[in-house]
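Remarks on the structure that follows.
The values are calculated or read from the model by the stated rules, or taken from the named source; none is laboratory data. Keep in mind that what you see is a predicted model, and the values were worked out from it rather than measured. Here the Cβ positions follow ideal geometry from the backbone for every residue, glycine too, while neighbour counts run over all protein chains shown. Just so you know, the surface numbers come from the protein's heavy atoms only, side chains and all, with ligands and any DNA or RNA stripped out. Shrake-Rupley method; radii C 1.70, N 1.55, O 1.52, S 1.80 Å.
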Amino acid sequence: MKRIMICTLIGVTGIALSACNDSSDSNNNNPPEVNQPPEFIQGDILHTQYDGVTDDLLTAGLGATGLGSATAPAFSDPLNPSPAELRQLAIYNNYRALVDTSPGGGYGEFFGPGVGNQTEGLIPGHEYLAFMTVNGSSVPVTVMAQVPDSFDVQNPCMITAPSSGSRGIYGAIGTAGEWGLKKGCAVVYTDKGSGTGAHNLETNTAQRIDGTLSSTDESVQFRADLTASQRNDFNADWPDRFAWKHAHSKTNPEADWGRHVLQSVEFGFWVLNKQFGSDDNTRVITPENTLVIASSVSNGGGSSVRAAEQDTKGLIDGVAVSEPNVNPAVSTNFTIVQGGNTPIVEHSRSLLEYTTALAVYQGCANQAPAIRDIAPLNAAYNPQAIGENICTSLALKGLVTGSDTDARATDALRILNEEFGIQPEQNLLAPIHFASNVAQSISMTYANAYGRAGVEDRVCGLSLAATDGTGAVTPLTPVQEAAAFAVSNGIPPTAKVNIVYDDAVVRSTLLTVSKSPSSGLTDYGLDALLCLHGLALGRDAITGDALTGAEAELAEAIADGIEEIRATGDLRGKPAVFVTGRSDAILPINHTSRPYFGLNRQVEGVGSELRYYEVLNAHHLDVLNGFPAIGASYVPLHHYYFQALDLVWDRLTNDTPLPPSQVVRATPRGDATPLAQSNLPQIASQPPEADLIRLIGSELIIPD
């Protein structure tokens with residue numbers, strides 16, 4: 001429980017504190033320190049106040065109706081959008097990228113800006129935006145603090161909102177941002193060293209902190225580490241290419257995601273004390289009297305978990321995350337057993353290992369009879385001919401067996417399920433993710449990031465560029481580039497920039513339609529994907545032989561980079577909740593949430609306050625539920641993420657015990673049926689024995 005401060009407020013505008021007494025130190029033996037800007041902040045801090053009528057913190061003035069509309073806000077001048085227009089479109093796109101806003105999917109009833117708030121959910125308040133760096137790196141990381149007008153200085157609270165995926169600074173606006181702002185808490189965001197960060201190598205153009213473009217300013221989100229001469233030489237050989245911050249900053253930003261979150265909290269305290277502090281600029285809102293919950297989803301959730309592990313200053317009180325991307329340290333001291341299935345021994349594989357396996361095998365597995373005709377949208381988005389070519393190429397290399405496509409695809413699916421620990425529940429959603437280039441883009445980006453490779457290295461013959469209708473490289477149009485900040489998810493293909501296979505047959509070609517040199521078939525650039533898989537495995541992905549030369553050096557650097565991001569499992573006794581969907585086809589649960597829970601139980605033992613809730617019929621990207629074929633079969637995990645935050649809040653404010661770890665048996669709504677409360681059972685305070693998730697001896701028991 002946090003100490004409560006009793007404060008007297010004076011003033012009407014620009015609120016100041018005239019007197020504050022810490023209830024734990026009535027003698028004032030330890031006066032608060034002077035509030036100084038954190039030393040890691042670089043350059044100016046942009047401060048904007050929003051009235052909650054024409055513009056606001058949560059919806060950028062669009063309100064719940066505007067965010068729910070299929071019509072995106074437009075720029076008055078598409079070639080020169082204003083910072084406010086870029087911010088509005090960025091919030092619109094980032095909100096809708098994570099939350100299902102389709103009719104009947106729960107938006108406006110179970111979640112959304114207007115739920116539990118005023119009708120449209122516009123929230124007035126202050127927004128502070130800046131660049132920061134971490135020790136050992138000069139690459140700027142964006143940090144932001146939002147302080148709603150409803151913030152209560154007598155009961156201060158703060159929520160962390162690092163971006164999901166590789167998204168920019170507004171990447172968690174609809175998740176941790178919405179919950180925290182509605183609660184009256186300050187919300188602190190960071191893009192974690194990713195975000196748009198697009199550097200047009202041809203024109204030297206990059207995005208400023210507000211998304212506007214510059215070819216001259218030094219203060220931009222990212223430019224590749226190339227001299228003018230090196231850039232000119234690169235452009236001569238590979239024109240119209242882009243460098244992207246997450247992939248090409250040469251920093252392995254994920255290694256610092258925990259530090260980014262901790263620094264965002266420190267920035268938040270500076271902001272709060274600047275806005276509400278006393279006349280002599282002393283700190284009156286401190287970690288000791290403020291409730292801080294580390295939160296967010298996916299990569300943002302993993303970042304908050306790492307921050308809690310690294311929190312030596314006592315900044316964080318609790319953790320509430322959804323589908324966190326955690327790479328737990330490998331432990332051979334326990335296996336994972338779901339129901340009566342065979343124990344999973346090789347859990348905790350790295351993100352790059354299982355994702356490159358999906359990139360290699362899933363295109364073929366999509367044609368397996370077991371899933372071909374029942375996986376939602378598979379037939380519409382994964383052409384059979386391409387799948388057959390991938391299966392043929394894999395067979396020619398001896399990587400799958402079988403005399404025809406059906407047999408080869410079945411073997412590819414077996415490899416993913418049995419050798420790489422992909423749950424059968426994830427099979428039906430994996431095809432739509434393959435069609436969306438999820439595994440391919442993650443494989444390319446993270447191989448570069450972990451290995452600290454630069455754009456000039458063109459790892460596995462891959463680069464980034466706009467492409468035309470034939471797949472050939474073409475310049476990005478000025479209108480498209482002007483909007484990149486607001487439409488990018490931080491990891492190409494995005495914002496009209498695609499993955500290009502430079503070593504494809506004939507010419508550099510869009511990866512999805514490229515021909516591999518080894519087979520001459522249009523097989524999704526399988527040679528490049530196998531190269532990435534080999535770097536992840538640390539051996540030749542076809543022969544199993546040791547890598548040599550530059551490939552061996554890069555594989556070693558990648559392995560070192562992966563070790564830098566491994567989670568310890570030690571949450572320092574903080575109350576924590578993970579919610580994860582069993583059908584998560586992006587971050588397979590046997591390598592993320594499940595083994596982290598087991599590792600934590602071994603590290604913290606009976607002192608652990610981590611609870612793990614595995615939700616049936618839920619997956620990673622709720623936005624896909626907007627497709628009727630998917631929404632009929634799955635529930636929004638977002639609903640349970642908000643429950644996780646509520647549970648941790650109650651634990652910290654009312655000392656309410658967290659419910660035991662359990663399987664939550666959510667049920668799909670079916671065709672043309674609006675989501676109802678009956679589809680979304682609460683996380684049970686006393687679940688049936690048969691639903692409990694427990695580490696018993698050397699087995700992590702997961703009920704079917």
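Some observations on this one:
- Hey, Arg167 among the basic types (Lys, Arg) and without any contact (Cβ under 8 Å) to a residue 24 or more places away in the chain or not: no
- Against the criterion of being touching a Pro at 6+ places or on another chain (Cβ under 7 Å) and surrounded by 20 or more Cβ atoms within 10 Å (Cβ to Cβ), Gly106 qualifies.
- Scanning region 540-553 for residues that are free of Cβ contacts under 8 Å to residues at least 12 places away in the same chain, surrounded by 12 or more Cβ atoms within 10 Å (Cβ to Cβ) and among the charged types (D, E, K, R) gives Asp540, Glu553.
- Matching residues, region 54-82, being more than 22 Å from Ala172 (Cβ to Cβ) and charged (D, E, K, R): Asp77
- Test: residue in region 685-696 that is at pLDDT below 95 and either over 29 Å from Ile374 (Cβ atoms) or touching a Phe, Trp or Tyr at 6+ places or on another chain (Cβ under 7 Å) (or both): no
- Failed item, numbered, when Ile41 is tested on (1) touching a helix residue (DSSP H, G or I) at 6+ places or on another chain (Cβ under 9 Å); (2) exposed (fewer than 15 other Cβ atoms within 10 Å of the Cβ); (3) closer than 25 Å to Phe131 by Cα; (4) not charged (D, E, K, R): (2)
- Any hit, region 592-602, residues being assigned to a helix (DSSP H, G or I), in contact with a helix residue (DSSP H, G or I) (Cβ under 7 Å, 6 or more places away or on another chain), in contact (Cβ under 8 Å) with a residue 12 or more places away in the chain and under 21 Å from Thr160 (Cα atoms): no
- The set of residues in region 543-571 that are in contact with a Ser or Thr (Cβ under 9 Å, 6 or more places away or on another chain) and assigned to a loop (DSSP other than H, G, I, E, B) comprises Ile565, Gly569, Leu571.
- Residues that are among the aromatic types (Phe, Trp, Tyr) number at least 1 in the following helices (runs of 4 or more DSSP H) confined to region 360-418: 378-381.
- Scanning region 123-138 for residues that are over 17 Å from Gly180 (Cβ atoms), in contact (Cβ under 8 Å) with a residue 60 or more places away in the chain and of a type in the set (Gly, Ala, Ser) turns up Ala130, Ser137.
- Lone qualifier among Ser278, Ser304, Ser295 - being farther than 21 Å from Ser150 by Cα, of a type outside the set (Phe, Trp, Tyr) and touching a strand residue (DSSP E or B) at 6+ places or on another chain (Cβ under 7 Å): Ser304
- Taking helices (runs of 4 or more DSSP H) as the structural unit, those lying wholly within region 177-248 and holding at least 3 residues that are open to solvent by less than 10 Å² (accessible area, probe 1.4 Å) correspond to 178-182, 245-248.
- Pairs, first among the β-branched types (Val, Ile, Thr) in region 210-228, second in a loop (DSSP other than H, G, I, E, B), C-beta under 6 Å, six or more apart: Val220/Arg208
- In region 647-672, residue nearest to Pro636 (Cα to Cα) [restricted to those that are among the polar types (S, T, N, Q), in a loop (DSSP other than H, G, I, E, B) and open to solvent by 50 Å² or more (accessible area, probe 1.4 Å)]: Thr667
- Residue match in region 113-125 (condition: more than 25 Å from Tyr641 (Cα to Cα), part of a strand (DSSP E or B) and at pLDDT 95 or above): no
Residue by residue, here is whether (1) in contact (Cβ under 8 Å) with a residue 60 or more places away in the chain; (2) open to solvent by less than 40 Å² (accessible area, probe 1.4 Å); (3) closer than 27 Å to Lys574 by Cβ holds:
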{"site": "Pro324", "(1), (2), (3)": "yes, yes, yes"}
{"site": "Asn333", "(1), (2), (3)": "yes, no, yes"}
{"site": "Gln338", "(1), (2), (3)": "yes, yes, no"}
{"site": "Ala357", "(1), (2), (3)": "yes, yes, no"}
{"site": "Tyr361", "(1), (2), (3)": "no, yes, no"}
{"site": "Arg372", "(1), (2), (3)": "no, no, no"}
{"site": "Thr392", "(1), (2), (3)": "yes, no, no"}
